[in-house]
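Heads up: the structure comes next, in structure tokens.
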């Protein structure tokens, strides 16, 4: 069993997956820092010197001046400011993945387009796929398996 596990673990796909996960986690931390430390402060300043992380809806009877204070007191809150930050992080990550996949797809071989012609079995001329008679040698053509 240990030998099978070792073969599985050192297989190329498993190692590639592990590397992808490690890079993804690191990229996620970079995006989180970008949103929280670079994107949101100027945006908060533009809309009136507001920190989006402190936007919350208090569900208790008592009043709290900040989200940290409400959480420390164990009050039920809806932290919609943190949710907005998380949505921005997701959009940035999704856009980065889209750009990456788009670039990779540019380098992958494209499948050949479906041909609209075939070769006549009798005279070897190129004819339309749907043809039932060759226009060159007038031979009657066999129906293809998909039409039969």
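The values are calculated or read from the model by the stated rules, or taken from the named source; none is laboratory data. Note that this is a predicted model, so its numbers are computed, not measured. A quick note on method: Cβ atoms are made from the backbone with ideal geometry, for glycine too, and the neighbour counts reach across all protein chains shown.
Would you be able to say whether some residue in region 74-92 is in the same structural domain as residue 39 (by TED's automatic domain parsing), part of a loop (DSSP other than H, G, I, E, B), touching a residue at least 12 places away in the same chain (Cβ under 8 Å) and farther than 29 Å from residue 24 by Cβ? So far as region 74-92 goes, yes, one or more of its residues are in the same structural domain as residue 39 (by TED's automatic domain parsing), part of a loop (DSSP other than H, G, I, E, B), touching a residue at least 12 places away in the same chain (Cβ under 8 Å) and farther than 29 Å from residue 24 by Cβ.
Scoring residue 127 on the criteria (1) over 29 Å from residue 38 (Cβ atoms); (2) in a loop (DSSP other than H, G, I, E, B) leaves a single failure, condition (2).
Cβ-Cβ distances below 9 Å connect no pair with a first residue in region 106-118 that is over 23 Å from residue 134 (Cβ atoms) and outside the structural domain of residue 129 (by TED's automatic domain parsing), a second residue that is surrounded by 10 or more Cβ atoms within 10 Å (Cβ to Cβ) and at pLDDT below 80, and a separation of six or more residues or different chains.
In region 31-47, is there at least one residue being outside any helix (DSSP H, G or I) and either surrounded by 14 or more Cβ atoms within 10 Å (Cβ to Cβ) or in the same structural domain as residue 95 (by TED's automatic domain parsing) (or both)? The answer is yes, given that some residue of region 31-47 is outside any helix (DSSP H, G or I) and either surrounded by 14 or more Cβ atoms within 10 Å (Cβ to Cβ) or in the same structural domain as residue 95 (by TED's automatic domain parsing) (or both).
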